[in-house]
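FYI, it's all coordinate maths here, none of it is from the lab. These figures come from a predicted structure and were not determined experimentally. Glycine gets a Cβ as well: all are built from the backbone with ideal geometry, and neighbour counts include every protein chain shown.
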Amino acid sequence: MNSPNTAASPSIDRPAPSAGHPLLPLLFLIPACSVIGAFVIYPALKAIGLSFTNFNMIREAEFVGLANYLQLWHDPFFWAALKNTLIYMVVVVPELVIAPIFLAVLVNRHLPGITFIRAAIYLPVITSLVISGLIWKWVYEEQGILNYVLLTTGITDNPVAFLTDPANALLSVMAVTIWAGMGYYMVIYLAGLQSIPRELYEVAEVEGISRWQQTIYITIPLLKPSMAVVSVMSSIAAMKVFEEVYVMTQGGPMDSTKTLVYYIYESAFVEFEMGYAAAIGVVLFVLTLALSLINLRFLRAR
C-alpha cells in the first residue's frame, strides 16, 4: 500500500515554448535598414536619377536622357581620369595585398619591442589622410627632407620634382596611399595568422623546412580568405582615392594625378555640373562593382 508521501504526483503538461511571430526577427533589422536606406540606398538612387538630368543647383533639373553619358564618351578629361585611376589601382593593390603579409608574419612573433613596432606600423591608419597628405607634401618639396637626404647621400645631384613633374607626381601620391594603408591590411592578415593551427608549423620544423618556405607553402595558401578581403577592399579604396590627390596635387600637374573621384568633385563643386558629376559617379560604381566581382572570382578559382 502506497503512502501518501510516496504517491506519484500527477504529471503537469507544460506548454511548448512559443517561437513567436515569424516576422518578429525582422523588427530588429528595421533600425539598421532605415539608416542604410536613408544614407546609402536613397542617395545612390538619387544620383542615378540625377545622371539623366542637367542640374546645377540653381535651376530645376532638366531631363536630358543619355546626354551626360554621351558627353562622357567624348570627354578627354574623363578618359584621362579613368586611365589614372586604373593605373593607380594596378600599382597600389598588389602592394597592399602582398606586402602586409610579410609585415604580419614579422609582428606575429615574440620579439623585443614588438608592441612598439606594431603601433608604429598601424599609426598611419589612425592619422587623418589630410594631415598625412600635408606632411608628405612637405617631405616631397624640392627643399624638403627627402630631397635633402637624396642630395647629402649623393644619390642624386639635383632635387627631384616629386609633385611638380607629371612623370613623378602620380607615383608619389601612390606611395602615400600604400604607406597609409599598410598597417590596416596588416591587422587583417594578423587575424588570419592567429587562425592557422600551430601544429602545421611544428611539423614543418621537424621536417627541416625553413621559415621562408613555411611562409610560402603554409602561411600564404592558408591566408587566401584574408587575401580575398584585402584585395576587394584595397581595390575599392584605390578606385575612390581622393584625399591624397586633393591635398597634395589637386589633380596636377597637367592633370597627371586627376582621378575619377577628383573629377567628380571638380565637376560637381567647381563647375557645378551636378548631373554630369552624377553620371561619372554611376560609371565609377559600375567599374568598382565589376572589378570587385572579378577579384573575388579570381581568388576563389585559385
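Odds and ends about this structure:
- Sequence-distant lysines (8 or more away, or on other chains) whose Cα lies within less than 21 Å of residue 137: 240, 258
- Think of it as helices only: each DSSP H run of n ≥ 4 in the chain is worth -39500 (n - 2.57), and spread over all residues that comes to -20000 deg cm²/dmol at 222 nm.
- The alpha carbons of segment 174-263 stretch over 58, 20, 15 Å along the principal axes, in descending order.
- Fewest-first sequence of 148, 276 by Cβ atoms within 10 Å of each Cβ: 148, 276
- Placing +1 on each Lys and Arg Cβ and -1 on each Asp and Glu Cβ, with no other charges, gives the chain a dipole about its Cα centre of roughly 900 debye.
- Separation between Cα centres of segment 117-193 and segment 77-109, rounded to whole Å: 14
- Longest to shortest principal axis, alpha-carbon extents of segment 40-301, angstrom: 74, 49, 27
- Values of log10 I(q)/I(0), in the order q = 0.14, 0.17, 0.27 Å⁻¹, for segment 140-202 under a Debye, Cα-only, solvent-free model: -0.60, -0.69, -1.08
- Using a Förster distance of 30 Å, the FRET efficiency for residue 164-residue 116 (Cβ separation, nearest 0.05): 0.25
- Taking amide H as placed 1.01 Å from N in the peptide plane, residue 54 has its amide H under 5 Å from the amide H of 62, 63, 64, each at least 5 places away in sequence or on another chain.
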